[in-house]
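Student: Here it is: the structure, laid out below.
Here, each number is a calculation from the coordinates, and none is a lab measurement. Only a predicted model underlies this, so the values are computations on that prediction, with no experimental measurement involved. Please note: Cβ atoms are built from the backbone with ideal geometry, for glycine as well, and neighbour counts cover all protein chains shown.
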Amino acid sequence: MPDLNEIKEYLKGYDGEEKVIMEVCGTHTASISENGIPAMLSPKIKLISGPGCPVCVTVASYIDRLTELALTPNTTVVTFGDMMRVKGSEKSLRDAAAEGGSVKMVYSPFEILDMARDNPDRQFVFAAVGFETTTPVYALIVERLLSGDTKNVKLLTALKTMPQAIRTVADGDTKITGFLAPGHVSVITGHKLFEDMAKELNIPFVTAGFGGAELLTAIYALTKLNGGESLNMYPSVVTYEGNAQAREKVNKYFEPCDAAWRGMGVIKNSGLVLKKEYAQFDVGSAELCADKMYNGACACGDVISGKKPPHGCPLFGTVCTPDTPQGACMVSMEGACFHYYTNNR
Amino acid sequence: MKITMAHGSGGRSTSQLIDEIFRASSSNPVLDMMEDSAVVDGDTKIAVTTDSFVVTPLTFKGGDIGRLAVCGTVNDLLMRGAVPKYITTAYIIEEGADTGTLKLIAESLERTAKEAGVTVIAGDTKVIEGSGGVYINTTGVGFVKDGADIKSANCCEGDALIVSGTLGDHHAAILSERMNIENNIKSDCAPLCEMVQNMMSAGVRIHAMRDITRGGLGTVLCEFAKNAGCGFEIDEDKIPITPEVRGFCKILGLNVMHMGNEGKLLAVVSESDAQKALEIIRKSRYGENAAIVGRAVKGGDVTLITPLGGRRKVTELYGEGLPRIC
Amino acid sequence: MCVAAPGRVVEIKDNIATVDYSGNLTKANAGVVNVAVGDYVLVHAGLIIQKISQSEAKEMEELFSMLEEMGNA
């Protein structure tokens, strides 16, 4: 087994065929930047960011609906911090709050249940974005709502699932030679999903953890593996089968749907919505597909799908900066544009 | 008792409020004259700063808005090599504020002023509509000894960067209360008079200093790099941070380089004085965890050398440093 | 896409665990993983999504030998 220094030396001096590795997950994007990994790789190894930041892939009409809800009397929108600054077609939740709208930021979505219990006359809506990792949280909230007396909690969902998005990206113009599979999605889905996808797409997949050394090791593996091969390099939490209990809860309350991805359009079977029998907990999530961008020239969609690097967007670094973000990829701390801008990647 | 709009009328209720809370807490010959302005001594160059304090909650682990107001003001004066002397305090109080809390804040402010060696020489109280908030605006005045010239433009290649203690404590303490995370993290809010005065009287060649408040070390270094003719390099594994704060950052996806502090400074000192300065800071109050974290280098970039051996550019804080979940 | 932090379960009550991350305590839902006090767990957005297995060093060694085989194939 090579030690970390040998891996570092190998990656710096790599002179084989060019590798284009997509890190699907936004938390991987953030960790790659935080660890300064791009500077440690040979120019023949390129890392590109994928569609795995839930904030970045959320369409404008969803944000518009959230801001509208935040400005509705007697209604509070509860959200993760990341969503605050993303603009819809006109404004962000932060802007809505400045106009007197009610927005609360939480660490754990479960907090909405306490808020609702303490303020029974107010309607609370959770901005339920996320991938396979986060959806079980919403399933458990629905379960609690069904079993308890709390009546004033609803979800506005924009829930996505990875496989179809990865297929779309793999079919694109950019030749991807390897995928860093999303580590925490794999916790739920199991490594099996990505083993199957590696075979189907004939591209190697490595399920990776989030530490700097883990990421370097996974990149090392992706330079060695051949098409169709895969490895689970995050065995401390990722099992072959994943978390079946979590998937069961999700399948009980949610069903697959077509979903709109920012800049990528509607992808068949790439999302989840509450089943009809639980529609009373939904505030109209299904119809939110329109993606009228705040700035029409924004190339977020091409960036998310690996077609363009962030600096391939005409707005990057000029009109669009972290101070004046035009698209979600520059807003989110997991967005590719944000990291390319702030780290000169 | 709750504050009402009557307390801001300028009449009897206002003077009662001032007597019972603010004068009872801070009393000295200048303030007690109750004139329209304070007339005080001064015979050197003076440093002046002003600041406003809007923190919620008003009291938190390790401090309160009163202590914070003094620390923030005094530390700003110290960073230019001034000896803090006077402070003024203007309270803007929303109706509904609790007089008990106000008293606690005013007393804490006075206690901290005594610790820092400054006298409260003027004050003001206004009441506005609202829901119990309290805001404090201050002005600080310090005396600058002849020859003291500490400013960011003085940084030069080779200088050592010293951080006076663990980073992120204040930010984590405040966010913990807001995000319902239980821990023993306390705000580091403290006046840094002793360490600065000890360094100055020992003749340490301090080129620049900044208290590492909102925006964190990353933002301070980027500001320095704009004004100085050099860049900076930080060794990430040298940055002092407690295990609790590190764990806290991990939960919320925060970066300590952008977390605020209220009792920590960055000193850029001549390389040959670095060890001496470090020892002085470590022996001074609030400085026991000080560390040399990096150096000034050629160019204009601020770079972090990661424990993994990678390099990444450090930027100012963008946005609000919100917790990141997804 | 999902920030998740490893912590240790210090208490469980009504399927809600108190999880300690280097001295920071938060509540986490234990609805989809069977956990006991003392377990190390991975928590995402207030939900325990997995127990952390403690034998990673050995597993990594096995992985590398697999990688050697695959890479050469």
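Student: Just how far, in whole angstrom, is segment A:262-322 from segment B:233-278 if you go by their alpha carbon centroids?
Tutor: Here the two parts' Cα centres lie 38 Å apart.
Student: If you don't mind, there's one more thing I want to ask. Can you pull the mean other chain C-beta count within 10 Å for peptide A:76-82?
Tutor: So the per-residue partner count for this stretch is 4.
Student: Now, a different point. Helix A:212-224: angle to the longest alpha-carbon principal axis of chain A, degrees 0 to 90, nearest 10?
Tutor: Between the helix axis and the principal axis of chain A, the angle is about 60 degrees.
Student: For segment B:5-144, what relative contact order do you get, as a whole percent, if you take Cα pairs closer than 8 Å and at least 6 residues apart?
Tutor: Value for segment B:5-144: 38 percent.
Student: Sticking with this structure for a sec: Averaged over its residues, how many other protein chain Cβ atoms are within 10 Å of peptide C:38-49's Cβ atoms?
Tutor: 6
Student: Give me the one-decimal Kirkwood hydrodynamic radius in Å for the protein assembly as shown, with the sum taken over alpha-carbon pairs.
Tutor: After inverting the pairwise mean of 1/r, the radius is 27.6 Å.
Student: When Cβ neighbours within 10 Å are restricted to other protein chains, what is their mean count per residue of peptide A:320-329?
Tutor: Mean number of neighbouring Cβ atoms from other chains: 1.
Student: Looking at the protein assembly as shown only, what percent of DSSP beta bridges run antiparallel? Nearest 5 please.
Tutor: Here the share of antiparallel DSSP bridges comes out near 60 percent.
Student: Follow-up. What percentage of all Cα-Cα pairs in chain B are separated by more than 25 Å? Could the numbers behind the result be given before it?
Tutor: On the way: 27781 of 52975 pairs.
Everything past 25 Å amounts to 52 percent.
Student: Hey, another quick one. On a C-alpha basis, how far is the centre of segment C:19-37 from the centre of segment B:105-176 in Å? Whole number, if you could?
Tutor: After rounding, the separation between the Cα centres reads 38 Å.
Student: If I fit a long axis through the Cα atoms of helix A:244-253 and take the longest principal axis of the Cα atoms of chain A, what angle between them do I get, 0 to 90°, rounded to 10?
Tutor: On a 0 to 90 degree scale, this one is about 40.
Student: Ratio to report: Rg/Rh of chain A, with Cα atoms as the point set and Rh obtained by the Kirkwood method; give two decimals.
Tutor: Ratio of gyration radius to Kirkwood radius: 0.98.
Student: Ordered by packing density, taken as the mean number of other Cβ atoms within 10 Å over each peptide's residues, highest first, how do A:236-249, A:215-228 rank?
Tutor: Put in order of decreasing packing, that is A:215-228, A:236-249.
Student: Right, something else. Just for segment A:1-295, what percent of DSSP beta bridges are antiparallel, to the closest 5? Could the numbers behind the result be given before it?
Tutor: Numbers: 9 of 39 bridges.
If I count the DSSP bridges inside segment A:1-295, around 25 percent turn out antiparallel.
Student: Per residue of segment A:42-55, what does 6.51 cos²θ - 1.76 cosθ + 1.60 with θ = phi - 60° give for ³J(HN,Hα)? Whole Hz please, x for Gly and Pro, Karplus curve as stated.
Tutor: Once rounded to whole Hz, the list reads 4, x, 7, 10, 10, 9, 10, 8, x, x, x, 10, x, 5.
Student: Helix B:99-116 versus the longest principal axis of chain B: what is the Cα-based angle in degrees, 0 to 90, to the nearest 10?
Tutor: The answer is roughly 50 degrees.
Student: Compute the distribution of all C-alpha to C-alpha distances in segment B:152-313, in bins of 5 Å from 0, and list the percent of pairs in each, rounded to whole numbers.
Tutor: 2, 10, 19, 22, 20, 15, 8, 3, 1, 0
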